[in-house]
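Reviewing the structure listed below.
Readers should treat all values here as calculations from the given coordinates under stated rules, not as data from a laboratory. What you see is a predicted model; the values in this text were computed from it and never measured. Backbone-built Cβ (ideal geometry, glycine too); neighbour counts: all protein chains shown.
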Amino acid sequence: MSAPSLPVIRQTAGAGAARAAARRRKPVDGAGPDRRPRWLTYTLLGLFIAGSAYPLYFAFLLASSTSAEIAQNPVPSFIPGGEFISNIKRVFEADIDIWQAMLNSIIVSTATGVSVVMFATLAGYSFAKLRFRGRRALLLFVIGTMAVPTQLGIVPLFIVMRELDLVGSLWAVILPGMVTAFGVFWMTQYLEAALPYELIEAARVDGASMFRTFWSVALPAARPAAAMLFLFTFIASWTNFFWPSIVLGTTNPTLPVALQLLQAGFFKDIALIMAGVVVSVVPLLLLFVAAGRQLVAGIMQGAVKG
Amino acid sequence: MATQTAPPRSSSHAAAPARRIGFSQRLGRMDVKLSPYLYISPFFILFAITGLFPLLYTGFVSLHEWDLLGGQGDFVGFQNFTDVLGQAFFWKALRNTFSIFLLSSVPQVIIALVLASLLHANLRARTFWRMGVLLPYIVAPVAVTLVFSKMFADESGMINTILTNLGMSPIEWHSQALPAHIAIATMVNFRWTGYNTLIFLAAMQAIPKDVYEAAVIDGAGRLRQFFSVTIPMVRPTVIFVVVTSTIGGLQIYDEPRMYDQFGQGGNDRQWLTTTLYLYELGWRNTNLGRAAAVAWLLFLVIVIFALINNVLTRRIASDATPSTRRIARAARRRSTR
């Protein structure tokens with residue numbers, strides 16, 4: 001050891017000396033999280049991210065080639081071919097209506113996202129800030145239901161949807177996704193900490209009704225958490241496959257269902273299938289570029305709280 | 001928080017008891033009394049209809065003959081259960097499900113821990129690295145599987161071509177069970193490793209810095225810090241991630257369904273999973289009664305796993321965060337899966 005580490009200096013010579021030493025040392029090789037990492041860390045992280053991005057690039061490479069080229073080169077050349085536009089065109093012209101699927105996905109994801117946020121904020125506000133009989137027990141019930149694998153209820157759910165004549169309708173996908181126990185819990189946690197009682201009291205003293213108080217005080221305060229909840233719900237329903245594939249059938253698909261139909265109908269035409277993959281990924285990729293920061297923050301906040 | 005007076009109570013005190021209560025005041029009181037229930041009712045009503053009722057009604061369906069098209073038939077008692085338990089495919093599906101689950105959760109947790117500890121430093125362009133790790137999360141499992149099943153193609157697949165060029169013999173990723181499980185587990189890992197990395201990273205950031213400083217004073221190097229400080233401190237989080245991935249992982253469907261164009265879990269059902277089997281019984285063989293029985297059996301398996309996990313967690317992480325929060329993370333993980 002050439003020089004004592006900063007904590008050692010702090011312990012032996014006091015905090016002031018440690019600070020002075022920290023200023024003098026250029027690459028701070030401190031403890032744990034303060035450490036300025038070297039190139040090895042960046043290389044490893046870079047390799048991992050490149051590896052995670054490659055399958056997406058692979059899909060793009062195949063989507064830009066002809067089937068003959070794909071058959072010849074199992075390992076695609078790193079430079080994309082020239083067929084990308086024409087393959088994308090072929091996807092949209094295939095007898096599976098991709099425009100419809102895209103529209104359906106947008107409708108379903110937006111509707112569930114808005115509905116989950118709305119109902120979760122209402123319930124979360126009530127649980128966090130209002131007093132009523134049975135509040136604790138009901139909240140515990142909500143938390144308990146989070147551990148229930150509701151996906152296993154699909155058989156009766158399907159029977160019910162058929163009774164309601166909703167099989168093949170987007171409502172059959174939207175209705176079961178309109179509330180989540182997680183959403184309620186998430187908003188309860190957030191509003192408990194983020195919304196001071198003084199604000200609610202002030203609104204009430206000013207004569208606002210209960211709903212007005214919720215609308216003008218709680219809702220604005222809930223906005224950051226609501227945005228994250230919307231993002232997670234949107235992504236979850238965009239990527240959802242099991243239930244939509246059962247209840248929507250082949251006539252009115254969402255994007256994942258349409259991808260399955262593409263695979264079943266054109267399994268020899270890899271270029272076409274990969275073009276479909278690209279089409280289904282691009283909207284979320286744009287969302288990721290715009291709001292990836294919030295996603296990261298949302299996961300990390302949930303983890304800290306959770 | 002519990003000691004604070006909520007606003008509704010104070011406002012209802014405003015009405016003097018002696019005076020006759022006017023209509024608008026009575027309305028105001030109703031507003032205060034009923035609003036909390038009104039606000040939580042959408043969740044409870046919708047959950048009861050679309051979540052709780054179907055789950056319970058599954059039990060009813062499973063005790064009947066019930067055809068997809070013909071509807072409810074005779075009451076048959078536990079016949080559907082005994083039929084299912086007598087099927088070789090059911091046990092095969094259960095084995096495959098466990099195998100895929102193990103192959104996906106163990107490497108995932110290890111890689112995520114290493115990545116999180118790499119990110120747990122004073123990085124430049126911190127947000128870029130964190131977002132980069134999360135990128136696969138936005139790709140639908142169906143899309144992931146289409147890409148990976150091409151990469152893992154038995155003949156003229158990318159991975160086998162690389163293996164051959166390296167002088168190794170190609171692997172039958174589709175026609176053999178274990179390679180198929182590895183391929184499917186790879187897809188799960190692809191999508192979820194980054195997500196779990198961020199959860200672990202958050203847990204690592206909650207470790208007090210003086211613990212690391214103490215370790216440094218004691219002469220611990222980076223590796224020693226990782227194994228003796230970081231890992232023990234995030235162990236509760238690791239256990240919870242495992243618990244949460246259990247509930248979702250045992251219901252795996254999308255990846256095995258899309259691994260080939262037939263969606264039956266392979267010629268020999270070598271990658272048939274329990275949920276895929278449920279689908280096959282109900283919607284291919286139009287036997288909803290048996291499908292419901294499989295749903296209940298899988299539910300039972302998940303409950304047993306949850307109980308085992310619960311015992312383990314209690315023993316290992318008795319001083320961890322409140323239990324409600326664990327379930328919360330479990331649910332989010334599942335709902336976003």
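Across the stretch A:163-178, computed HN-Hα scalar couplings (Karplus, 6.51 cos²θ - 1.76 cosθ + 1.60, θ = phi - 60°) run 4, 7, 6, 10, 4, x, 9, 5, 4, 4, 8, 6, 3, x, x, 6 Hz from first to last residue, x flagging Gly and Pro. Annotation for the stretch A:184-204 versus the stretch A:51-91: alpha-carbon center distance of 51 Å. In sequence order, the stretch B:295-302 has phi-based couplings of 4, 5, 5, 5, 4, 4, 4, 5 Hz under the Karplus curve 6.51 cos²θ - 1.76 cosθ + 1.60, θ = phi - 60°, and Gly or Pro positions carry x. For the peptide B:210-216, the mean number of other protein chain Cβ atoms found within 10 angstrom of a residue's Cβ is 5.
Neighbour counts of C-beta atoms inside 10 Å place A:GLU93, B:GLU255, B:GLU65 in the sequence A:GLU93, B:GLU65, B:GLU255, starting with the fewest. Ranked for footprinting exposure by Cβ neighbours inside 10 Å, fewest first, A:THR43, B:THR230 give A:THR43, B:THR230.
Residue exposure proxy: B:SER245, B:SER62, A:SER77, A:SER169, ordered by other Cβ atoms within 10 angstrom of their Cβ from fewest to most, comes out as A:SER77, A:SER169, B:SER245, B:SER62. Counted residue by residue at 0.36 nm each, then reduced by the alpha carbon distance between them, the extension gain from A:ALA193 to A:PHE141 reaches 16.6 nm. Please return the longest stretch of chain B lacking exposed loop sites, where chymotrypsin sites (Phe, Trp or Tyr not before Pro) count only if DSSP places them in a loop and at most 13 other Cβ atoms lie within 10 Å. So the longest stretch without any such site is B:79-261. As a calculated quantity, the FRET efficiency between B:LEU135 and A:PHE78 at R0 = 25 Å, using C-beta atoms, amounts to about 0.85.
In the protein assembly as shown, one over the average inverse separation of all distinct C-alpha pairs is 26.9 Å, which is the Kirkwood hydrodynamic radius. Summarising the amide proton neighbourhood of B:ALA153: residues at separation of 5 or more, or on other chains, whose placed amide H is nearer than 5 Å comprise B:MET158, B:ILE159. Taking amide H as placed 1.01 Å from N in the peptide plane, the amide H of B:ASN287 sits under 5 Å from that of B:LEU68, B:GLY282, each at least 5 places away or on another chain. The trypsin sites (Lys or Arg not before Pro) of the stretch B:120-225 meeting both criteria, a DSSP state outside H, G, I, E and B (loop) and at most 15 other C-beta atoms within 10 angstrom of the site's C-beta, are B:ARG124.
Measuring between their Cα centroids, the stretch B:175-252 and the stretch A:94-159 lie 29 Å from each other.
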